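See below for the structure under consideration.
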Amino acid sequence: MDTELEQAIEEAVEQAVTGNLLIGGLITTAIITAAILALRFFLIRLIKGKAEILDKDQRRWINRINNGTTIIVLISLVFIWAPQLHTFALSLTAFAVAVVLTTKELLMCLTGGLLRAITKPFDIGDWIAVDGLTGEVMRITAMTTLVEEIDTAGKTYQFTGHTIQIPNSKFLSANVENANFIKNYVYYDVPITVQYADLDPVKLMTELQKITEKYFSPFREEAVKFNKRIEKKAAVDFSDPEPQYFLKTTDAGYNIFTVRFFLPTQQAAQTGTEITRDFLSYVHKTQNKKAA
């Protein structure tokens, strides 16, 4: 595509500069210009006659002849050179289009990089989310932003090992989320399904609260401080960092116990696993006692 466009531009320019139209135009221009100048000279000589001092009417007619012949020459040049001017204009247009097509992505990347530098929505070390991708910014250049992908879909919040180069042009068309909030702390849900519908949900919920308190208490003080600091910075009232508990049932009649807490991001998944393990162990022991 680019090669064909370059060839078309070269052919158009060559035709405009060295084609037969150029030679014919030069000859025609010379003949018409010479004829008009000769006519002007003859008319001015005719008006002057043998007078050494010109009167008002003579000067007026000479001025009209000078202006008229100049206009005629200009109009003649336009008609003579119109085909060449048209070809040259098309050549310039084609060249401009080629430049735009070739440098479009480059210009968009540079513009996106400039926009990021001016607005500073994120910096190196920040977590960002772009088009469903979440990662930590490792390097920023004029053209691209390098991020290390983080597993947010599986809620492990660990590096996946994937390194992604994001063109800065993406920042002109996509929403960019600064995910620094979840870099340090995260609201983490731990859903636990219990299939024994004959167990008392009140007792199970009480036990779940005890287990959760055991694992959450070491993080409580720092979690509360961080939550207040973020609220003050963002001027937004976030959810309570204290554990919250929910209970719902499925179509099959199972009970789903869910605990939501505010923990350091790197410890959230492991803490959730430990709470699930201890709670299911308690459910299993309770069911065995009841069966016995």
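Filtered by the rule that a residue be out of contact with any Leu (no Cβ under 9 Å at 6 or more places or on another chain) and either farther than 21 Å from Thr156 by Cα or among the aliphatic types (A, V, I, L, M) (or both), segment 272-290 gives Leu280, Ser281, His284, Lys285, Asn288, Lys289. When Leu146, Leu199 are checked against the criterion of being assigned by TED's automatic domain parsing to the domain that holds Ile275 and either surrounded by 15 or more Cβ atoms within 10 Å (Cβ to Cβ) or not aliphatic (A, V, I, L, M) (or both), Leu199 stands alone in meeting it.
Taking each residue of segment 209-225 that is touching a residue at least 12 places away in the same chain (Cβ under 8 Å) and looking for partners that are acidic (Asp, Glu) with beta-carbon atoms closer than 7 Å, six or more apart or interchain, yields Ile211/Asp278; Tyr215/Glu274. The residues of segment 146-170 that are touching a Cys at 6+ places or on another chain (Cβ under 9 Å) and either in a loop (DSSP other than H, G, I, E, B) or closer than 19 Å to Val186 by Cβ (or both), listed by number, are Asn168, Ser169.
When Leu85 is tested against (1) modelled with pLDDT under 70; (2) exposed (fewer than 11 other Cβ atoms within 10 Å of the Cβ); (3) assigned to a helix (DSSP H, G or I), just one condition goes unmet, and that condition is (2).
This table checks each residue for (1) touching a Pro at 6+ places or on another chain (Cβ under 9 Å); (2) assigned by TED's automatic domain parsing to the domain that holds Arg260; (3) crowded, with 16+ Cβ neighbours inside 10 Å.
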| position | (1), (2), (3) |
| --- | --- |
| Val190 | no, yes, yes |
| Thr206 | no, yes, no |
| Tyr215 | no, yes, yes |
| Pro218 | no, yes, no |
| Ala223 | yes, yes, yes |
| Lys233 | no, yes, no |
| Phe246 | yes, yes, no |
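Check segment 119-135 and report whether any residue there is surrounded by fewer than 16 Cβ atoms within 10 Å (Cβ to Cβ), modelled with pLDDT under 80, in a helix (DSSP H, G or I) and within 15 Å of the chain's Cα centre (by Cα). The answer is yes, given that some residue of segment 119-135 is surrounded by fewer than 16 Cβ atoms within 10 Å (Cβ to Cβ), modelled with pLDDT under 80, in a helix (DSSP H, G or I) and within 15 Å of the chain's Cα centre (by Cα).
The values are calculated or read from the model by the stated rules, or taken from the named source; none is laboratory data. Only a predicted model underlies this, so the values are computations on that prediction, with no experimental measurement involved. Here Cβ is always computed from backbone atoms with ideal geometry, including for glycine, and neighbour counts include all displayed protein chains.
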